[in-house]
Every structure is written in structure tokens, then in C-alpha cells.
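Take a look at the structure below.
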Amino acid sequence: MHKPQGYQANGVTLTTKEEAAASGFKPWKLAVAFGAKQDGTRLLLDFMKRAEAAGGRYVSDVHIVLVSEQDGEPVECRTEIVPESSVELGRTLQSTPGRTEMRHHMVPVTRTVLESQFQCQSVTEPRTVSETYYESQYDSSSKTTRSVPRTRMVTRFESRQKCGLVPMMRTVTRFEYQLRSEYIPPRLELVPRQYTRWSLKETLPACAPSPPQTGDSPSMPHRIEGEVYGCSLEQAPKGLVPASCQELALQAPCAWRGPLREARPGATARACRLRRGPRA
């Protein structure tokens, strides 16, 4: 199959819609809801891990949607995470000739906030392992030298990435709807080294009244959604029979939880299940 420009050998890759479609995998929509006081970096990494756990190979058209209120009416504000080369195209496509929609003008504000930001850092930790070495011994009776295996315990220092939420007080400039939800926009510089070779950008928010809620299609809360290419329902944990790729992804235990989790790109769905413990 064709390998998109943002292709990586292992795991799932975030790339453009055109290049993901060229891979030949069938697309499906993944939407993951979330509540208030969330870090966008953590949400985006979790979204990619869930896509991977469901057998996804490529991801495109990723949107972050926050639901807020403007003048007493529910409003959805949507931003898109796009490869740098298609940022301007994404902004142009938001305008449809011959159609008028009500849009809310969003103005950034500056405030001092206390929040927990998702951060990754390199750490060096000791690891004790068993090592086999060979010792020369001289046999005086046969006048020969032989190598005898010996075992000893040695300590080695290994470097790895640790990620977690770190509390901090700082002054930030964000949109009012983000501050109301205590939402932290993603730090996209943390994403490319794991899931794409593209330089990623987040577009300006497009805000509009929330669609009316109906029994057949109830409106979702805050959410991150996108197109995933590729799915393997056989990757479901034993005893579970997911009805769809979306259901399999939501059952995946690849959420970033706890005070500190190790970031290991390219993990398989099975390895992810073993590391993360109980299902979400």
C-alpha cells in the first residue's frame, strides 16, 4: 500500500486527509468525550493511543470541540489539528459561498491561572540485571586453559521518557470559552516526535450554536474527534465483542491516568493493554 508522507514504520500516524486516504485503508470516525479541567496534550495523545489500540494506521481531520454558553445559549467552539502545509487550506474551507451561518467572534483574554500541565521529561534510572561473563582458568594437570562462565549482578543506567501532570501558576492568553472549561490547549511540539513527521498547527476556533439535541442524535459534550484509517476488531480483549471500531477504541485502556505515565510510542494494542491495567 502507498505510504503517506507522514508515515512511520510502527504505530499510528497523524497525517493529511489526502495522504491517509491514499493508504487504501477504510476510514471510520472516532469521537472521545471529555469533561472540564483537561489538558489538550494529554487528550490528543490518548486519542492517538485509542486509535492505535483499535488497529488504526493513520489519523486525519482531528478536531477538538468545546461546548460553552454565549448569551445564555449553548455554543460549540471547534479547532482543528492539521499538518502545517494544509493549515491555510483548512481555514479556507470553513467558509462556504452562498450560505450564511451565525458565528461568534472570539477574543483572546489574558489571565493568571493555577493549573496542571501535561509535561514529558527525560529521566535516567538505575536498572539491575544479571550479566554472564567468562573467566579463564588454568588446569595444571592437563596444562590447558579454559573459559568458565560466571554470573554477576550489575547496575546500568537507562534513559526514558516520563510524562505526567505538573501543577503550576502562570499567566496565559486563551479564549474565554477555554478558560471557562479550565481547558489547556495542546502543546503540539510534544506530538510530532511520537506520531508524525509533520509540523502540526491548531487552527483558530470556529464557534457556532450547538445543533439541537434529538433522541436519535443527542449532542455530545466536550470531545475530540477525527477520521481513523484501518481497524482490527480481532484486537479486542478476550471476552469482549465490540460492535464497531469506535466501541473497540473506547474500550481501550490506553488513557493517560495517574500522576505519572511512561510515554512509549509505537506500542501494540496488546502491550498497551498489559501496561495500562483495567479497562477504561
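With the structure loaded, tell me whether Glu80 is open to solvent by less than 90 Å² (accessible area, probe 1.4 Å), at pLDDT 50 or above and within 16 Å of Leu200 (Cβ to Cβ) or whether it fails that test.
Yes: the conditions hold for Glu80.
Filter segment 26-53 down to the residues that are open to solvent by less than 40 Å² (accessible area, probe 1.4 Å), among the basic types (Lys, Arg) and in contact with a strand residue (DSSP E or B) (Cβ under 7 Å, 6 or more places away or on another chain) and list them by number.
Arg50
Results for (1) open to solvent by less than 80 Å² (accessible area, probe 1.4 Å); (2) of a type outside the set (Val, Ile, Thr); (3) more than 30 Å from Val12 (Cα to Cα), shown as yes or no for each residue.
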site: Leu114; (1), (2), (3): no, yes, yes
site: Phe118; (1), (2), (3): yes, yes, no
site: Arg160; (1), (2), (3): yes, yes, no
site: Pro185; (1), (2), (3): yes, yes, no
site: Trp198; (1), (2), (3): yes, yes, no
site: Thr203; (1), (2), (3): yes, no, no
site: Pro209; (1), (2), (3): yes, yes, yes
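Condition test on Ala9, is it buried (at least 23 other Cβ atoms within 10 Å of the Cβ), more than 19 Å from Leu200 (Cβ to Cβ) and modelled with pLDDT under 90?
Considered against the rule, which asks whether it is buried (at least 23 other Cβ atoms within 10 Å of the Cβ), more than 19 Å from Leu200 (Cβ to Cβ) and modelled with pLDDT under 90, Ala9 comes out as no.
The values are calculated or read from the model by the stated rules, or taken from the named source; none is laboratory data. Please read all numbers here as calculations on a predicted model, not as lab measurements. Glycine gets a Cβ as well: all are built from the backbone with ideal geometry, and neighbour counts include every protein chain shown. Each accessible area value is taken on the protein alone, full model and side chains, heavy atoms only, with ligands, DNA and RNA left out. Shrake-Rupley method; radii C 1.70, N 1.55, O 1.52, S 1.80 Å.
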